[in-house]
Amino acid sequence: MLKQLDIKDQQISKLQKSLDQQQQLQLATLAENRQLKGHIQKLSGLLESFNSTQKRQAR
């Protein structure tokens with residue numbers, strides 16, 4: 001019975017480690033997504049400015 005408990009403890013430890021890794025990956029993914037959204041917003045702003053300039057120059 002003690003051997004079974006030891007095995008279960010090891011399994012729980014591995015699962016906790018896997019969960020921690022998953023959470024770290026999820027946080028990293030969220031941070032990267034925020035960064036990418038920021039880049040997209042900047043590019044959208046630049047594109048809008050460019051389009052405005054093009055329209056003004058076409059007049």
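The values are calculated or read from the model by the stated rules, or taken from the named source; none is laboratory data. Keep in mind that this is a model prediction, so the values were computed, not measured. Note: ideal-geometry Cβ built from the backbone for every residue, glycine included; neighbour counts use all protein chains shown. SASA here: full protein model, heavy atoms, side chains in, ligands and nucleic acids out. Shrake-Rupley method; radii C 1.70, N 1.55, O 1.52, S 1.80 Å.
Computed values, structure above
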{"quantity": "Boolean, Glu48 is of a type outside the set (A, V, I, L, M, F, W, C), modelled with pLDDT under 95 and out of contact with any strand residue (DSSP E or B) (no Cβ under 6 Å at 6 or more places or on another chain)", "calculated": "yes"}
{"quantity": "Count of region 1-12 residues which are open to solvent by less than 90 Å² (accessible area, probe 1.4 Å) and among the acidic types (Asp, Glu)", "calculated": "1"}
{"quantity": "Residues that are acidic (Asp, Glu) and open to solvent by 90 Å² or more (accessible area, probe 1.4 Å), drawn from region 13-45", "calculated": "Glu32"}
